[in-house]
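Have a look at the structure below, then the notes.
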Amino acid sequence: MIAEEKPSHLIQPGRKIIVAIDGPAGAGKSTVARHIAEHFGLMNLETGAMYRAFALKALRAELPLDDGNALKLLADETTIRLEPGDENNRVLLDGEDVTGMLRNQTVTEAASRVSVFPPVRAWMVRLQQQLASQGGVVMEGRDIGTVVFPHADVKIFLDAAPEVRGLRRFDQLGPKSTQQPEEVIRDLRARDARDRNRAESPLKAADDAVVLDSTEMTLDQVVQAADAIVAARLAEPARHS
Ligand code: DC
């Protein structure tokens with residue numbers, strides 16, 4: 001290889017790709033998405049943070065989290081924006097920076113509950129499609145490859161055994177965790193069940209997604225594998241006009 005030769009992902013400068021990364025909690029989506037965004041010069045959009053921000057608003061309004069109609073009305077008067085941040089996206093809820101308020105147990109649980117309602121999902125999907133309308137993004141979530149961008153250029157579905165994902169989450173929480181590992185695994189299984197069994201856009205791999213099961217892999221290995229998948233895809237001619 002000539003020293004100055006460009007890597008394949010830089011050969012087509014006009015091409016604005018969309019990379020969809022889906023999977024359950026704790027599968028390594030955020031780490032992989034961050035890496036892919038940095039390596040391939042894409043914007044990283046975390047759709048889970050949008051559901052979390054909406055859940056925060058519902059909690060503040062003291063709405064019953066099982067009242068789909070009330071949640072729909074709340075969505076009608078809500079704006080959510082994602083901006084690039086250091087580690088995670090900066091999340092603006094009605095203009096307020098709520099980035100630091102989204103990762104606690106109460107919001108995590110509430111996000112899982114509000115995300116089952118079809119009108120809430122339809123609204124989110126529209127927002128997400130607008131956010132990424134120019135392409136050049138990695139979008140991570142649960143339904144990106146199946147519903148939000150069914151024609152995404154690259155689709156990766158990350159999975160791992162619930163025990164492994166739960167222990168990773170427990171390690172991420174570190175000493176500030178108020179829960180024992182088995183409680184983290186139990187809650188994660190409950191959220192998994194809600195994600196996989198909801199009527200509207202349940203969590204599942206798109207037919208044309210590459211499935212990566214990281215149960216026996218380190219996160220580093222997962223990142224390398226995902227990187228190779230994107231690079232290989234970018235070396236091919238465009239799939240959709
Ligand atoms: O990825 P996360 O843990 O931050 O997501 C928070 C919640 O939002 C999670 O319970 C699943 C839900 N979610 C969803 O239903 N669809 C998405 N595209 C992203 C997240």
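The values are calculated or read from the model by the stated rules, or taken from the named source; none is laboratory data. In this text the structure is predicted, and so the values were computed from the model without any measurement. All Cβ positions, even for glycine, are placed from backbone atoms using ideal geometry, and neighbour counts span all protein chains on display. For accessibility, only protein heavy atoms count, side chains too; no ligands or nucleic acids. Shrake-Rupley method; radii C 1.70, N 1.55, O 1.52, S 1.80 Å.
When you go through (1) surrounded by fewer than 18 Cβ atoms within 10 Å (Cβ to Cβ); (2) in a helix (DSSP H, G or I) one by one for Gln179, which number turns out not to apply?
That leaves (2) as the condition not met.
Which pairs have Cβ atoms under 8 Å, sit 6 or more apart or on different chains, and link a residue in region 120-134 that is open to solvent by 70 Å² or more (accessible area, probe 1.4 Å) to one that is away from the ligand (no atom under 12 Å from the Cβ) and among the basic types (Lys, Arg)?
These pairs meet every condition: Gln134/Lys16.
Can you tell me how many residues in region 121-155 are more than 9 Å from the ligand (Cβ to nearest atom) and not in a strand (DSSP E or B)?
19
Residue by residue through region 135-174, note down the ones that are closer than 26 Å to Thr78 by Cα, surrounded by 21 or more Cβ atoms within 10 Å (Cβ to Cβ) and not hydrophobic (A, V, I, L, M, F, W, C).
Listed by number, the residues that qualify are Glu140, Gly141, Arg142, Asp143, Gly145, Thr146.
What pairs can you find where one residue is in region 70-96 and farther than 22 Å from Pro119 by Cβ, the other is among the hydrophobic types (A, V, I, L, M, F, W, C), and their Cβ atoms are less than 6 Å apart, with a gap of 6+ or different chains?
Every condition considered, the pairs that remain are Asn89/Ala49; Asn89/Leu82.
Within region 96-119, which residues are open to solvent by 60 Å² or more (accessible area, probe 1.4 Å) and not in a helix (DSSP H, G or I)?
Listed by number, the residues that qualify are Glu96, Asp97, Arg103, Asn104.
If you take the residues of region 36-73 that are over 15 Å from Val137 (Cβ atoms), of a type in the set (A, V, I, L, M) and within 16 Å of the ligand (Cβ to nearest atom), which of them is nearest to the chain's Cα centre (by Cα)?
Filtering first and then ranking leaves Ala53.
With respect to the numbered conditions (1) charged (D, E, K, R); (2) at pLDDT below 95; (3) loosely packed, with under 11 Cβ neighbours inside 10 Å, which one is the sole condition not fulfilled by Arg15?
Looking at each condition in turn, Arg15 falls short on (3).
Restricting to region 47-66, name every residue that is more than 11 Å from Val120 (Cβ to Cβ) and either among the small types (Gly, Ala, Ser) or part of a loop (DSSP other than H, G, I, E, B) (or both).
Across region 47-66, the qualifying residues are Gly48, Ala49, Ala53, Ala61, Glu62, Leu63, Pro64, Asp66.
Among the residues that make up region 224-235, is at least one of them assigned to a loop (DSSP other than H, G, I, E, B), closer than 14 Å to Asp22 by Cβ and touching a residue at least 40 places away in the same chain (Cβ under 8 Å)?
Step one: list which residues in region 224-235 are assigned to a loop (DSSP other than H, G, I, E, B), which gives 235.
Checking the rest, the ones that are also closer than 14 Å to Asp22 by Cβ come to none.
No, region 224-235 contains no residue that is assigned to a loop (DSSP other than H, G, I, E, B), closer than 14 Å to Asp22 by Cβ and touching a residue at least 40 places away in the same chain (Cβ under 8 Å).
Hey, Asn88 hits all of (1) open to solvent by 30 Å² or more (accessible area, probe 1.4 Å); (2) within 14 Å of the ligand (Cβ to nearest atom); (3) assigned to a helix (DSSP H, G or I) but one; which does it fall short on?
(3)
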